[in-house]
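Below: one structure, written as structure tokens.
Computed from the coordinates by the stated procedures, all read-outs in this text should not be read as laboratory data. In this text the structure is predicted, and so the values were computed from the model without any measurement. Note that we place each Cβ from the backbone using ideal geometry, even for glycine, and neighbour counts take in every protein chain shown.
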Amino acid sequence: MSASTSLKLRLPTFVLVLEVVMIALYGIFVTYDDNSNAKLQNNETDPMENSMYRDYPYFADIQVMIFLGFGCLLAFFRFYGFSGMVFNFLTATLAIQWAILIQGYFQFYSDGKIHLGLINLINAEFACAVVLISFGAVLGKTGPVQLLVMALLEIPIFAVTEWAVLKYLRINDAGGSILIHLFASYFGLGVTFVL
């Protein structure tokens, strides 16, 4: 097997293994919260008392920012335009899935399960934004497998940092300037230094 064939098989194999592990972890540890569980909703459900309906516009806006905003931001690089956008999609999808599990353990864990709701998804997208900001520092120096490994390592470190800062230090982080942007920039610089 040549080196180029080995490289072409490495990414799909790595992603397939990660997705099988994710599906297993979701099957074991994740359930819906009361606002997201369709079995508990009926025609008399007040949309303003249900976070699924109330917070959905925020979720949609953040989703557009993650996939289109960051994707187009990374597309301006002369040599990495198309690959930057594709790597953004790949990294973002994995980072969101991983962040739901990791942040869910710290913030939404009770009764032996992570309760998945819209707030959990929004927090996971912010964690994904952390990865994508760091991603900008190493684009062109890394391949897709290295970016996915970086996301797998960065999300747990960010989740622990976020949990400690918000719960124990009780810092009010308006707009995520400390947690998201500062953490991502230093993590990206650290990865660049290591590379």
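For the reader, a short list of remarks on this structure follows.
- When restricted to residues that are in contact with a helix residue (DSSP H, G or I) (Cβ under 6 Å, 6 or more places away or on another chain) and either loosely packed, with under 15 Cβ neighbours inside 10 Å or β-branched (Val, Ile, Thr) (or both), the stretch 181-195 contains 2.
- Where Ile178 falls short, out of the listed (1) in contact with a helix residue (DSSP H, G or I) (Cβ under 6 Å, 6 or more places away or on another chain); (2) touching a residue at least 12 places away in the same chain (Cβ under 8 Å); (3) under 23 Å from Asp55 (Cβ atoms): (1)
- Residue within the stretch 160-169 that is hydrophobic (A, V, I, L, M, F, W, C), crowded, with 20+ Cβ neighbours inside 10 Å and touching a residue at least 40 places away in the same chain (Cβ under 8 Å) present: no
- Number of positions in the stretch 87-118 that are surrounded by fewer than 19 Cβ atoms within 10 Å (Cβ to Cβ), hydrophobic (A, V, I, L, M, F, W, C) and without any contact (Cβ under 8 Å) to a residue 40 or more places away in the chain: 1
- Qualifying residue in the stretch 137-158 (condition: touching a residue at least 24 places away in the same chain (Cβ under 8 Å), of a type in the set (Val, Ile, Thr), in contact with a His (Cβ under 9 Å, 6 or more places away or on another chain) and surrounded by fewer than 23 Cβ atoms within 10 Å (Cβ to Cβ)): no
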